[in-house]
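Down below is the structure, laid out as structure tokens.
The values are calculated or read from the model by the stated rules, or taken from the named source; none is laboratory data. Being a predicted model, the structure only gives us computed values, none of them experimental. Counting neighbours? That spans all protein chains shown, and the Cβs are built from the backbone with ideal geometry, glycine included. Keep in mind that these areas ignore ligands, DNA and RNA; they rest on the heavy atoms of the full protein, side chains included. Shrake-Rupley method; radii C 1.70, N 1.55, O 1.52, S 1.80 Å.
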Amino acid sequence: MSVLSSKNILLGVTAGIAAYKTAHLVRLFIKAGANVKVVMTPASKEFVTPLTLSTLSKNPVVSTFYDKEDENEQWNSHVDLGLWADYMVVAPATANTLSKMANGVCDNLLLATYLSAKCNVYFAPAMDLDMYQHPTTKLSVDKLQSFGNVFIPPSSGELASGLVGEGRMEEPENIVSFIENDIIRGLPLFNKQVLITAGPTYEAIDPVRFIGNHSSGKMGFELAKSAANLGAKVYLITGPSNEKVNHSLIQRIDVVSAEEMYTEVHKLYSLVDIAILSAAVADYKPSVVSSIKIKKAENTMTIELEKTHDILASLGKIKIAQFLVGFALETNNEIENAMIKLKKKNLDLIVLNSLQDKGAGFQKETNKVTIIDKFEKISEFSLKSKAAVATDIFNEILNKIYA
Ligand code: CTP
């Protein structure tokens, strides 16, 4: 998953030969999970057809304030388009459009939309090398950057004129990764590393049987997605789970038993800034694991169990600067028990789930949590999706680490 997933991208296309590459650019934005709308300057339609871009973007393409030939004549609102966009990308940006953008000229729908947009604006120039070198173009680029617009530099190479030099619009793949990296750099957890445990653990009895629990891992996976969407590099250490994750910032590490989870967590703990242990780790495991399948014999059977490592408590003991978050699943005296765990395991936050709350707990899509910090401040949250709970948890963490 890309940071562009579910974001609204407004692509502004102007009249340069590189406009033919915008068909590919739209495809890449769509592939990254973004919603795409395209606004074109009238002249750019000579280089790439609105039909191509509307088919690829799955949205109507606009280039004028209204369409004279359309009997339903509808006003294309630049204000609505500008407000819809999370990001506006002007690519290719010709010398003419750059200069107009830099000087507040507003003689077409693309420029009016640019002036109305409140979002981040990226521009990828494309022109012949002498035009690109001209002081007035440099001035436009500098001016746009001084407005906070983000410059995607052109590359060097053969130009449509046959000349060789700087001025080629950056390749669509590079435009997309440039924007993704720029967004990630501006996110609150950029440069932070986060470790998350998720799912159940399975403790083997023999080659075919184990002791496990009903945890789906969903809460941990949602936490991992939230952390990655905030720009963090995430290590997701998960017990057996059917949950799937596909995000360039998430490294999934699969484990089976509590012992394996303990080992993987300790390999990474010294690297991370935040650790959130949401896994439902088995507290006990069979003292002896049979190497062959145990045969049915007596009417009763006893399996001796021994304690597993308490992973969370072990991290609390060696904590240096890590922000450590644990979960507590309780059925009675919830707040009191959670506070005891918070202190005993040396945590910064504990997230309490009560099995008494309907809609909360294992195998559910929703959760209802209470978050308690180390100063015993208690924040209660309503029943919501596990994705929304993950957002609440990270809001609390961000408030604490950036307080
Ligand atoms: N935890 C852990 N390692 C274990 C057991 C639990 O890291 N062997 C972590 C869980 O991931 C969770 C927290 O400890 O973040 C609390 O888990 P919970 O099962 O509620 O509590 P326990 O400490 O196991 O205590 P009890 O089962 O007695 O309530």
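Some points to look at:
- Stretched out straight at 0.36 nm per residue, the stretch from residue 251 to residue 74 would grow longer than its current Cα-Cα span by 58.9 nm.
- Per residue, the average separation of C-alpha pairs within less than 8 Å and at least 6 apart gives the chain a relative contact order of 11 percent.
- Sparse-neighbourhood loop sites, GluC sites (Glu not before Pro) in the stretch 232-327 - DSSP loop, at most 11 other Cβ within 10 angstrom: 298, 304
- When the C-alpha to C-alpha distance is required to be over 25 Å, the pairs from 344/368; 307/368; 21/100 that qualify are 307/368.
- Difference of contour (0.36 nm per residue) and Cα-Cα distance, residue 259 to residue 363: 35.1 nm
- The stretch 286-403 - percent relative contact order, Cα under 8 Å, separation 6 or more: 16
- Accessible carbon and sulfur surface of the stretch 193-401 relative to its total accessible area, %, 1.4 Å: 51
- For the stretch 193-401, the relative contact order works out to 20 percent when only alpha carbon pairs closer than 8 Å and six or more residues apart are counted.
- Filtered trypsin sites (Lys or Arg not before Pro), the stretch 28-124: DSSP coil and at most 15 other beta carbons within 10 Å: 58, 68, 118
- Evaluating 6.51 cos²θ - 1.76 cosθ + 1.60 at θ = phi - 60° for every residue in the stretch 202-211, the Karplus couplings come out as 10, 10, 5, 9, 8, x, 10, 10, 8, 9 Hz, glycine and proline recorded as x.
- Think of a 1.4 Å ball rolled over the protein heavy atoms: the chain then has 49 Å² of accessible area per residue.
- Under 15 Å from the residue 376 label point (7 Å along Cα→beta-carbon), backbone N, the stretch 303-339: 335-339
- When the trypsin sites (Lys or Arg not before Pro) in the stretch 336-389 are filtered for DSSP coil states and for at most 11 other beta-carbon atoms within 10 Å of their beta-carbon, the remaining sites are 358, 377.
- Heavy-atom accessible surface of the stretch 8-185: percent carbon and sulfur, 1.4 Å: 52
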